[in-house]
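Take a look at the structure below.
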Amino acid sequence: MKICVLVKEVPDAAVEKRIDPSTGRMDRSGEKNLNPYDTHAIEAAMQIREGGAVAVEEIVAVTMGPESAVRALHKAVSLGADRSVHLTDPAVAGSDVAATGYALAKTLEREKPELVLLGQQSDDGECYTIGAVVAEHLGMPSLTQVIKMDVDSESLRCERQAEYGYDTVQVKLPAVISVGDAINEPRYPSLKAIMGAKKKPLDTLSAADADIDASKVGGDNSAAQWIAAKAPPAKAAGEIIEDEDTGETVERIVAWLDERKLI
Amino acid sequence: MANILVYALHYDGAINKNSLGAVSEGAKLAAELGGEAHAILLGENVPEGLAASLGNYGAKKVLVAEGPEGLAQPLVDAMAKAITDGGYSYALFGGGLLGFEIGAGLAARLGAGVVMEVTNVRAEGGELIAERPILGDSAISEIKYRSDVGIIIGRLNAFEIKETGGGDAVVEQLSFELSPHAAQATMITRGEQRGADVDIEGADILIAGGRGLGKAEGFQLAEDLAKAFGGNSAVAATRAVVDAGWYPYAAQIGQTGKTVAPKLYLAAGISGAIQHKVGMQGSENIVAINKDANAPIFEFSDLGVVGDLNKILPKLTEAVKAKKGS
């Protein structure tokens, strides 16, 4: 089995994210890192390989993004991917979720994976939906938010929480599965893996290499068009207590609750 | 004329509340555009009365399709067929897991623009503009559609339920073909309840626990505090800890759990992800205890306490008990 894991470079959580007021797009300068949700997808691929129920020939990390996204691929490789594919082209910059999904699907078509895994959301865009877009373009069944996966050579038995409780769904391969963060605890990469990551094969593709129709991608061709940004309704900032003396902290909490007749 | 097709999720003979909100919103927007809102239900033997009842929320027509329930891709097939046949300009979804999946799949199928987590929609110049909070709700993007069909996926509880007194809607059967890949997924069991059946929706005081409680046993601290408050208080939980098996699903707040609005919501060790926030932001008073001063929950709590809940909760429990006794 060949598993492709979709990964993304996102602004480091510790860095304040902002929107470029002239374009409405996210300002993606500043410190970047592998989207933390993606580490669960890589770990899920590794656990399938180590579980032994099926033979996993290859785990390939795939991303779309600017040159800097290579670092996210190195991180993905240090966590267990065998090699990586980087779709990078000014033509795809600024793509909305539908156009991004199309471009990623075209990139995946070259790889012909039996299983495509991804994280439940990106730390920056919070769209939750890229997997469903990719699956539709590939003509594969798809589920998001999967928290348990049992695999055999032909299918997956997936569990997830949906609107009315837990669902168990049998999915035939090939398939696109986005995993919830409860599915596993990602391992830490070894120093050796971190050092070796840059030496693993990395294919850099342009939009033309991936046979992407340039009229369907990029900010100007995206069907969802950003027109303006505004501030959310103002909300009075809450009171903050830094706990130094717990006895005093608790007194202040109780007084606060008492004032509002909550005790 | 711009008609809007609204997805309605149903389960166990009832329409999902967020879908009722979406139908109400769709009816309002369609009226502003000079069109009609129609709803679509898919399932095995969907009762005609259930479908027709959506007329009370403003749907003029309800399409009923026969197919496997609880999965997104059959709905992508059915809605794509309805939209191609029926000339809809927009597809609208309430919040929820399936709505996200169907809306995204439909966008890919139709080459349509899609916006998710939408909190407000307005009609302007004969078209719809979607408002979507971004960056942890610190800004709102306004987005319009350049495609023939625009897909709007609402945030949970974003659309208000409004009965219009419109009476029964016209019900029509929709026949469609299941695409090969939609037939590759099969529901084995649906809606399994894990853990005890607890009631949190009626509670005035909720002590909610997240991953910060450290382990399943950590919930004892939350239960002790709830007991100290006594009366109508209960313990709730985040999805992360429910998925981890620390607490029952019935106590879960948020996207795929319950929506609550108690007098006091005390969040212990909860970071405050959007999926959680949407289920509790209507609470009258929100108190958060978290050791991470940068946790998003402090952005929308009325009282935030930065500190170790293992130290604070036991003392708070004693203090509440003492106060009650006085």
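The values are calculated or read from the model by the stated rules, or taken from the named source; none is laboratory data. Only a predicted model underlies this, so the values are computations on that prediction, with no experimental measurement involved. Note: ideal-geometry Cβ built from the backbone for every residue, glycine included; neighbour counts use all protein chains shown.
Numbers below:
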item: Any hit, region B:208-226, residues being among the polar types (S, T, N, Q), facing chain A (nearest Cβ under 8 Å) and surrounded by fewer than 23 Cβ atoms within 10 Å (Cβ to Cβ); result: no
item: Residue within region B:191-198 that is outside any loop (DSSP other than H, G, I, E, B), within 18 Å of the chain's Cα centre (by Cα) and of a type in the set (D, E, K, R) present; result: no
item: Residues located in region A:221-254, provided they are surrounded by 13 or more Cβ atoms within 10 Å (Cβ to Cβ), in a helix (DSSP H, G or I) and not basic (Lys, Arg); result: A:ASN221, A:THR246, A:THR249, A:VAL250, A:GLU251, A:ILE253, A:VAL254
item: Residue in region A:190-208 that is assigned to a loop (DSSP other than H, G, I, E, B) and of a type in the set (Asp, Glu) present; result: no
item: Of the criteria (1) charged (D, E, K, R); (2) outside the structural domain of B:VAL320 (by TED's automatic domain parsing); (3) under 23 Å from B:SER283 (Cβ atoms), which one B:ARG190 fails; result: (3)
item: Any hit, region B:179-197, residues being at the interface with chain A (Cβ under 9 Å from one of its Cβ atoms), in contact with a helix residue (DSSP H, G or I) (Cβ under 8 Å, 6 or more places away or on another chain), within 23 Å of B:SER301 (Cβ to Cβ) and not hydrophobic (A, V, I, L, M, F, W, C); result: no
item: Options B:ALA196, B:ALA139: the member that is assigned by TED's automatic domain parsing to the domain that holds B:ALA30, small (Gly, Ala, Ser) and closer than 23 Å to B:GLN275 by Cβ; result: B:ALA139
item: Qualifying residue in region B:276-298 (condition: facing chain A (nearest Cβ under 9 Å), modelled with pLDDT under 95 and closer than 30 Å to B:GLU101 by Cβ); result: no
item: Residue in region A:225-244 that is more than 7 Å from every other protein chain (Cβ to nearest Cβ), at pLDDT 95 or above and either over 18 Å from the mean Cα position of the chain (by Cα) or more than 23 Å from B:GLY96 (Cα to Cα) (or both) present; result: yes
item: Sole residue being exposed (fewer than 15 other Cβ atoms within 10 Å of the Cβ) and on the phi > 0 side of the Ramachandran plot, chosen from B:GLY195, B:GLY167, B:GLY202; result: B:GLY167
item: Test: residue in region B:32-39 that is of a type outside the set (S, T, N, Q) and under 24 Å from B:ALA182 (Cβ atoms); result: yes
item: Extreme residue, nearest to B:PRO68 (Cα to Cα), among residues of region A:163-179 that are buried (at least 20 other Cβ atoms within 10 Å of the Cβ), out of contact with any Asp or Glu (no Cβ under 6 Å at 6 or more places or on another chain) and at pLDDT 95 or above; result: A:VAL169
item: Of all residues in region B:301-317 being in contact (Cβ under 8 Å) with a residue 40 or more places away in the chain and surrounded by fewer than 21 Cβ atoms within 10 Å (Cβ to Cβ), the one that is nearest to A:ASP124 (Cα to Cα); result: B:ASN310
item: Residue match in region B:254-262 (condition: more than 9 Å from chain A (Cβ to nearest Cβ) and closer than 22 Å to A:GLU239 by Cβ); result: yes
item: Any hit, region B:243-252, residues being surrounded by fewer than 21 Cβ atoms within 10 Å (Cβ to Cβ), within 10 Å of chain A (Cβ to nearest Cβ) and on the phi < 0 side of the Ramachandran plot; result: yes
item: The lone exception for A:PRO36 - which of (1) more than 21 Å from A:ALA98 (Cα to Cα); (2) modelled with pLDDT of 95 or more it fails; result: (2)
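Condition check ((1) over 14 Å from A:ALA41 (Cβ atoms); (2) within 7 Å of chain B (Cβ to nearest Cβ); (3) modelled with pLDDT under 95) across all residues:
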site	(1), (2), (3)
A:ALA69	yes, no, no
A:ASP96	yes, yes, yes
A:GLU111	yes, no, no
A:SER122	no, no, yes
A:SER155	yes, no, no
